[in-house]
Amino acid sequence: MSSSRSIVVSVVAMLFAIAAGTIGFMFSEQLTFFDALWLTVVTILTVGYGDTVPQTFYGKMFALIIIPVGISIVTYATGAVASMMMEGEFSKTVRRRKMKKKVETMRNHIIVCGYGRVGEQVVRELVKNGTPVVVIERNTDWLEEMDDPLPCVEGDATEDDVLIAAGIERAAGLIVALPSDADNVFIALTAKGINRDIQVVARAERTESEEKLRRAGADKVINPSFLGGRRMAMTMLKPVSVDYVDTIFHDHAEQYAIEEITIEPHSPFVETSVRDQAVRTRFGVTIIAIQRQNDIIGNPMPEERFYVGDVIIVFGEKRALDAFEQAVNKK
C-alpha cells in the first residue's frame, strides 16, 4: 500500500474510533457529547489528563477496548506520515545522485542556462534533434519529476561551481537564455574563462546589450523580441511565404530539415563542383549556401567548387540528407 493511501486509511480509522468511543462513553458513563468526545480523544492519544476518567464498570471495560485500538491507529498513522516523508526525501536524493552521475559522464553536450519560456523551447528543439543537453535551473524539482527527466543541475548559472557541475569543461556549447541581460553577460564571460573553446549563444532582451554580450565572449547573440517582431511583420507582408516555411518546419518537422555538413580531407567532393556532383539530381537536396572560412556563398552557382573545411548548408528530407552526408564524407 502506498504511503498516501495508508494515511487516508489511518485517518478514516481514527475518525471511526473517535465516533465509536464518543458514543460508547456517552451511554456507559452518561456523559454529554462534548465530555464523551474529550474523554475519547485524550484516551486514544494517551494523554490522560485525569480530569475525566471512566467511573462505571462498563465505562472502564469500554476504555480497555478503545485504548489498544486507539494506540494502534495512532501508531499506524504516525508511521505512514513518517514513511511518506522519508520516501519522498530519499527518492529525491537518489534521483539527484543518479542525475549527478549522468551529468559527470556526458561529453560534447549543450548546456542551457534557464528553463523559462525561451529556454524550454531551446531544450525541446535540442532534444528533438537528439542532442545531449544539460539544464541549469534554480528550481529543478519539476524537471526531475518528468517521465523522462532531463539532465539538470540546480543552482545559479552565474556561479563557477554550478557551471563546472554541469560539465562546462567537457561541453560543446552553452546557450544562455536567462531574461536578465546582465546575468547573460556575466555567464558568457565566466564560461569563456573556464572553457575558451566552448561555443556560446546568448539571449539579449535589449539591442544595446548585444555588443556587450559579444565582448563578453558570446559567439552568437539572439534577440527574441527582434526576431519575433520581424516574424510578425513578414507574416503580414508575405503571408504565403511564411506559411510555406511553417508548413515545412512545423507540420512536417520529422520529414524536412536543414543540415550543416563539413567537407573533410578524404571527401570525394574535394576540388569538384556542384555540377560535377549533380547534388540535386542524385540526392534530391538543395544547397542553400557554402561557408568558407568567414565568407558565406549564398545560392552557389553550378561552377562553384568544394574545398576542405567548407561547410555545406543543405535543405531536404531527412533521409535524403543522411544519404548526402554519407556520400560527402565517404572514406
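What follows draws every value from the coordinates through simple rules; no lab data is involved. Here the structure is a predicted model, which means the values were calculated and not measured. Glycine gets a Cβ as well: all are built from the backbone with ideal geometry, and neighbour counts include every protein chain shown.
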> For the pair Val240 and Gln199, how long in nm is the line joining their label points, each one 7 Å along Cα→Cβ?
Replying inline: 3.5 nm
>> For the range 115-236, I need the span (max minus min coordinate) of the C-alpha atoms along each principal axis, in Å, sorted largest to smallest.
In response: 41, 34, 24
> Remind me, relative contact order of the chain in percent, using alpha carbon pairs under 8 angstrom and six or more residues apart?
Replying inline: 10 percent
> Once Lys and Arg get +1 and Asp and Glu get -1 on their Cβ, which of His266, Gly228, Ala204 lies farthest toward the positive end of the dipole of the chain?
Replying inline: His266
> Lys102: which aspartates and glutamates have alpha carbons under 12 Å from its alpha carbon, excluding same-chain residues fewer than 8 sequence positions away?
Replying inline: none
> What dipole magnitude, in Debye to the nearest 20, does the range 177-279 give about its Cα centre under +1 on Lys/Arg Cβ and -1 on Asp/Glu Cβ?
Replying inline: 480 debye
>> If you fit an axis through the alpha-carbon atoms of helix 57-104 and take the longest principal axis of the Cα set of the chain, what angle between them do you get, 0 to 90°, nearest 10?
In response: 10 degrees
> In debye to the nearest 20, how big a dipole does the range 116-247 give about its Cα centre with +1 on each Lys and Arg Cβ and -1 on each Asp and Glu Cβ?
Replying inline: 860 debye
> How far, in degrees from 0 to 90, does helix 318-328 lean away from the longest principal axis of the Cα atoms of the chain, to the nearest 10?
Replying inline: 50 degrees
>> Given axes a ≥ b ≥ c from the Cα gyration tensor, I'd like to know whether the range 5-50 is rounded (a/c under 1.5), prolate (a/b larger than b/c) or oblate.
In response: oblate
> Based on the Kirkwood radius over alpha-carbon pairs, what value in µm²/s does the Stokes-Einstein equation return for the translational diffusion coefficient of the range 187-264 at 20 °C and 1.002 mPa s?
Replying inline: 140 µm²/s
> How big is the equivalent ellipsoid of the range 207-331 along its three axes, where each semi-axis is √(5λ) from the Cα gyration tensor, reported in whole Å from largest to smallest?
Replying inline: 30, 21, 13
> For the pair Asp160 and Ala82, how long in nm is the line joining their label points, each one 7 Å along Cα→Cβ?
Replying inline: 4.5 nm
> Between Ala182, Ala157, Ala17, which gets the highest mean-square fluctuation from a Gaussian network model of the chain, Cα cutoff 10 Å?
Replying inline: Ala17
> Could you give the angle, 0 to 90 degrees to the nearest 10, between helix 181-194's Cα long axis and the longest principal axis of the Cα atoms of the chain?
Replying inline: 70 degrees
>> Restricting to DSSP H runs of at least four residues, report the calculated mean residue ellipticity at 222 nm for the chain, -39500 (n - 2.57) per run over all residues, nearest 500 deg cm²/dmol.
In response: -16500 deg cm²/dmol
> Hey, how much of the P(r) for the range 108-173 falls beyond 20 Å, as a percent of Cα pairs?
Replying inline: 19 percent
> Where nothing but the Cβ of Lys and Arg (+1) and of Asp and Glu (-1) is charged, how large is the charge dipole of the range 205-331 around its Cα centre, in debye to the nearest 20?
Replying inline: 100 debye
